[in-house]
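Please read the structure below before turning to the comments.
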Amino acid sequence: MTTSTTVSLLRWLRRQMREPTADRERLEAAIANDDPAEARRLVARMPFNEAQLHHVEQLLDEWERSSTASS
């Protein structure tokens, strides 16, 4: 499922992680497979600063809410 939230998350991710690392590819796969729990686990391992982490966590929260609402 592609939602505006997952599109925003992918765009943000690609801006923050310009190099296609294995972690970025895993995170993109989690987003593509509609797996917010896996995405959250991967984000916790990434070296984001506090502001970046706060922003991505808000996107993950919104994604989880929209996933739950559509189920």
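Side notes on the structure shown:
- Subset of the range 53-71 (residues that are surrounded by 14 or more Cβ atoms within 10 Å (Cβ to Cβ), touching a residue at least 12 places away in the same chain (Cβ under 8 Å) and not acidic (Asp, Glu)): HIS55, VAL56, LEU59, LEU60, TRP63, SER66, SER67
- The range 24-39, residues that are open to solvent by 40 Å² or more (accessible area, probe 1.4 Å) and touching a helix residue (DSSP H, G or I) at 6+ places or on another chain (Cβ under 6 Å): ARG26, GLU38
- For beta carbons closer than 8 Å, sequence separation of 6+ or different chains, a first residue in the range 1-30 that is over 15 Å from SER66 (Cβ atoms) and part of a helix (DSSP H, G or I) and a second that is polar (S, T, N, Q) and open to solvent by less than 50 Å² (accessible area, probe 1.4 Å), the qualifying pairs are GLN16/GLN52.
- Residues of the range 40-52 satisfying the condition of being surrounded by 14 or more Cβ atoms within 10 Å (Cβ to Cβ), part of a helix (DSSP H, G or I) and at pLDDT below 90: VAL43, GLN52
The values are calculated or read from the model by the stated rules, or taken from the named source; none is laboratory data. Remember, it's a predicted structure, so these values are computed and weren't measured experimentally. Neighbour counts run over all protein chains shown; Cβ positions are idealised from the backbone, glycine included. Surface areas here come from the heavy atoms of the whole protein model, side chains and all, with no ligands, DNA or RNA. Shrake-Rupley method; radii C 1.70, N 1.55, O 1.52, S 1.80 Å.
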